[in-house]
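Written out below as structure tokens is the structure these notes cover.
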Amino acid sequence: MSSAHYQALEPQTSDEDNEDIERRPHQKHTRCTAATAAAPPHPMVRKGSVGGGRRRCVLPLVGGTLFFIAFCYLTLSGDTRIALGLGGASEDSEEASHQGLDSMNFRPLNESLHVCSENFEDHRQFMQDKPRSDYGQLPVIYFVTPTYPRREQIPELTRLAHTLLHVPRLHWLVADDQEKCNGYMDTLLNRFGIPYTHMVSPMPSKFRNEKPAPRGVANRRAALQWLRQHNLTNGILYFGDDDNTYDLRLFTEIRKTQRVSMFPVGLIADYGVSGPVVRKGKVVAFLDSWVAGRRWPVDMAGFAVSLEYMAQYPYVNMPYKPGYEEDLFLRSIGLKMDQIEPRGNNCTEILVWHTQTKSKKIGMVRLESKYLDDRSNLGALLLNLKLMGVAGTTENEGRNALISKNGREKSHSAILS
Ligand code: UGA
Ligand code: MN
């Protein structure tokens, strides 16, 4: 996570405070209640509806409800509680530093998942100068890429594909944040020859206008669902956004993942980096300029998970909670600090960069439609750009498209008739 502007769910505390909280987990309830009373509810938390005048009659009801919640809390297993965002039992009691996350908007993984096209066969002959067969039975990396329609989408995916083309034993899960399958993308993905699944899973409309919106969550959830539907308990899961830059050594490193591996991500927020602090070969803490109560303050690209390990956690989840996706996902798989495998030469190297592409709105080319035929390349070119979501054509908006020759503007009819 990189966005320092996300609002913390509770006031940020100093390291000392956090340590103190960790030592006093019983305070969780008290602090939580105080926070609820003082702070306005988080937009994603459903509001209570108890009216002032009715308070007295409602008291027994509230008492009963609280008793019921306490009963459920005590009877649910630790993992279930984590998955439901209720804070689970943990060996080191660190969950106490997460009060405020208790009201996390939990939704089971039941996204509207639709597979557009899929290919399980590897059509590549060589990778990194070696024939495919040389890579034998290495564990497969399931590389999950959430993506969404905008004018940079196809170029981003092309750039990413040209990295992935070098990576053996990889299945690319491309999950598009939109309703309809984009046929152009099917063709593109097929052409690369990398095994892939192209699916669509749009962000629920109620989140669309939120600021910040839970970007890439519906689609990552859909990919998690796909993995579960395929009963995959062998291989490595990695969330690779479409705009990051990946060093090929990353793939060698994450393929070794036994449970959860972590490594620094470059170009994150104020420090230009986010990642684990390692002492004597063990992850002991994290360096990230935005803490906000996150137990695992890491970027989505800063960790990989073994599917065998993940399979032990039936309530794997990534809630629609902007800024907290990584933290809550890692909590849903019961991660413990001493289980983390530091990678990238004990987290001293950068294997992935949080690059961001400048975004612009779709271009508009004003040209009479009669010229969009096969008398020139322009008809086919502009059609391709339209299919890629890069540019559209218009007959009457804005200035006529500039067409020039020898440094001089020419009329469309002079060149295209
Ligand atoms: C950072 C992290 O690197 C993301 O992994 C994290 O999801 C995100 O913050 C967040 O928590 O909001 P950032 O560069 O700020 O990423 O966000 P984007 O790159 O714009 O979006 C993350 C991913 O979601 C991208 O792969 C993007 O294609 C996808 N996305 C974005 C959608 O699927 N739908 C959207 O509406 C926007
Ligand atoms: Mn990004």
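Residue check: is Leu335 in a helix (DSSP H, G or I) and more than 16 Å from ligand 2 (Cβ to nearest atom)?
Values: in a helix (DSSP H, G or I): no; more than 16 Å from ligand 2 (Cβ to nearest atom): yes.
No: the conditions fail for Leu335.
I want to confirm something. Restricting to segment 350-387 and keeping residues that are within 16 Å of ligand 2 (Cβ to nearest atom), out of contact with any helix residue (DSSP H, G or I) (no Cβ under 6 Å at 6 or more places or on another chain) and of a type in the set (Val, Ile, Thr), which single residue is nearest to Pro149 (Cα to Cα)?
Taking the candidates together, the pick is Thr357.
Hey, among the residues in segment 183-217 that are away from ligand 1 (no atom under 13 Å from the Cβ) and farther than 24 Å from Asp247 by Cα, which one's surrounded by the most Cβ atoms within 10 Å (Cβ to Cβ)?
To start, the set of residues in segment 183-217 that are away from ligand 1 (no atom under 13 Å from the Cβ) comprises 183-184, 186-198, 206.
Filter once more, so that each one left must be farther than 24 Å from Asp247 by Cα: 183-184, 186-187, 206.
Numbers: Gly183: 11, Tyr184: 15, Asp186: 17, Thr187: 11, Lys206: 9.
Per the stated criteria, the residue is Asp186.
Based on this model, can you work out whether Arg169 counts as surrounded by fewer than 20 Cβ atoms within 10 Å (Cβ to Cβ) and touching a Phe, Trp or Tyr at 6+ places or on another chain (Cβ under 6 Å)?
Details: surrounded by fewer than 20 Cβ atoms within 10 Å (Cβ to Cβ): yes; touching a Phe, Trp or Tyr at 6+ places or on another chain (Cβ under 6 Å): yes.
When the stated conditions are applied, Arg169 passes them.
Would you be able to tell me the number of residues in segment 241-255 that are of a type in the set (Ser, Thr, Tyr) and away from ligand 1 (no atom under 16 Å from the Cβ)?
Step one: of segment 241-255, the residues of a type in the set (Ser, Thr, Tyr) are 245-246, 252.
Then drop every residue that is not away from ligand 1 (no atom under 16 Å from the Cβ), which leaves 252.
The number of residues fulfilling the criteria is 1.
I'd like the residue in segment 265-302 that is within 11 Å of ligand 1 (Cβ to nearest atom) and not aliphatic (A, V, I, L, M) and, out of all such residues, is nearest to Ile141 (Cα to Cα).
Applying the first criterion (within 11 Å of ligand 1 (Cβ to nearest atom)) to segment 265-302 yields 265, 267-269, 274, 290, 298-302.
From what's left, not aliphatic (A, V, I, L, M): 274, 290, 299, 302.
Numbers: Ser274: 23, Trp290: 29, Asp299: 19, Gly302: 15 Å.
My answer is Gly302.
Table: residues versus (1) farther than 23 Å from Pro264 by Cβ; (2) within 16 Å of ligand 1 (Cβ to nearest atom); (3) surrounded by 15 or more Cβ atoms within 10 Å (Cβ to Cβ); (4) not basic (Lys, Arg).
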position	(1), (2), (3), (4)
Met318	no, yes, yes, yes
Pro322	no, yes, yes, yes
Phe329	no, yes, yes, yes
Arg366	yes, no, yes, no
Arg375	yes, no, no, no
Asn396	yes, no, no, yes
Arg399	yes, no, no, no
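Need pairs with beta-carbon distance below 7 Å; first residue at positive phi and within segment 337-354, second in a loop (DSSP other than H, G, I, E, B) and surrounded by 15 or more Cβ atoms within 10 Å (Cβ to Cβ); sequence gap 6+ or separate chains.
Correct list of pairs: Gly344/Phe263; Gly344/Pro264; Gly344/Leu351; Cys347/Phe263; Cys347/Pro264.
Table: residues versus (1) closer than 24 Å to Ile154 by Cα; (2) polar (S, T, N, Q).
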{"site": "Lys360", "(1), (2)": "yes, no"}
{"site": "Arg375", "(1), (2)": "no, no"}
{"site": "Gly379", "(1), (2)": "yes, no"}
{"site": "Thr393", "(1), (2)": "yes, yes"}
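Which of the residues belonging to segment 219-239 are under 26 Å from Ser205 (Cβ atoms) and within 16 Å of ligand 2 (Cβ to nearest atom)?
From segment 219-239, those under 26 Å from Ser205 (Cβ atoms) are 219-229, 239; that's our starting set.
Passing the criteria: Asn219, Arg220, Phe239.
Determine, yes or no, whether Ser289 is surrounded by fewer than 17 Cβ atoms within 10 Å (Cβ to Cβ), among the polar types (S, T, N, Q) and under 20 Å from Thr147 (Cβ atoms).
Details: surrounded by fewer than 17 Cβ atoms within 10 Å (Cβ to Cβ): yes; among the polar types (S, T, N, Q): yes; under 20 Å from Thr147 (Cβ atoms): no.
No, not satisfied.
Conditions (1) under 22 Å from Asp241 (Cα atoms); (2) in a loop (DSSP other than H, G, I, E, B), marked per residue:
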residue: Pro319; (1), (2): yes, yes
residue: Gly323; (1), (2): yes, yes
residue: Asn345; (1), (2): no, no
residue: Lys358; (1), (2): yes, yes
residue: Lys361; (1), (2): yes, yes
residue: Val365; (1), (2): no, no
residue: Ser376; (1), (2): no, yes
residue: Leu383; (1), (2): no, no
residue: Lys386; (1), (2): no, no
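Quick one: is Ser112 under 18 Å from Gln225 (Cα atoms) and among the polar types (S, T, N, Q)? Show your work before the answer.
Working: under 18 Å from Gln225 (Cα atoms): yes; among the polar types (S, T, N, Q): yes.
It is true that Ser112 is under 18 Å from Gln225 (Cα atoms) and among the polar types (S, T, N, Q).
Has segment 289-308 got any residue that is more than 16 Å from ligand 2 (Cβ to nearest atom), among the charged types (D, E, K, R) and under 29 Å from Phe207 (Cβ atoms)?
yes
Where residues in segment 247-259 are in a loop (DSSP other than H, G, I, E, B) and of a type in the set (S, T, N, Q), which of them is surrounded by the most Cβ atoms within 10 Å (Cβ to Cβ)?
Taking segment 247-259 and keeping what is in a loop (DSSP other than H, G, I, E, B), we get 247, 255-259.
Narrowing the set further to residues that are of a type in the set (S, T, N, Q) leaves 257-258.
On the way: Thr257: 24, Gln258: 11.
By that ranking, first place goes to Thr257.
How about segment 265-287: which of its residues are within 16 Å of ligand 2 (Cβ to nearest atom) and in contact with a strand residue (DSSP E or B) (Cβ under 7 Å, 6 or more places away or on another chain)?
Passing the criteria: Val265, Gly266, Leu267, Ile268, Gly272, Val273, Ser274.
Coordinate-derived values only; no laboratory data. Everything quoted here is computed from the prediction, not taken from an experiment. For neighbour counting, all protein chains shown are included, and Cβ atoms are generated from backbone atoms with ideal geometry for every residue, glycine included.
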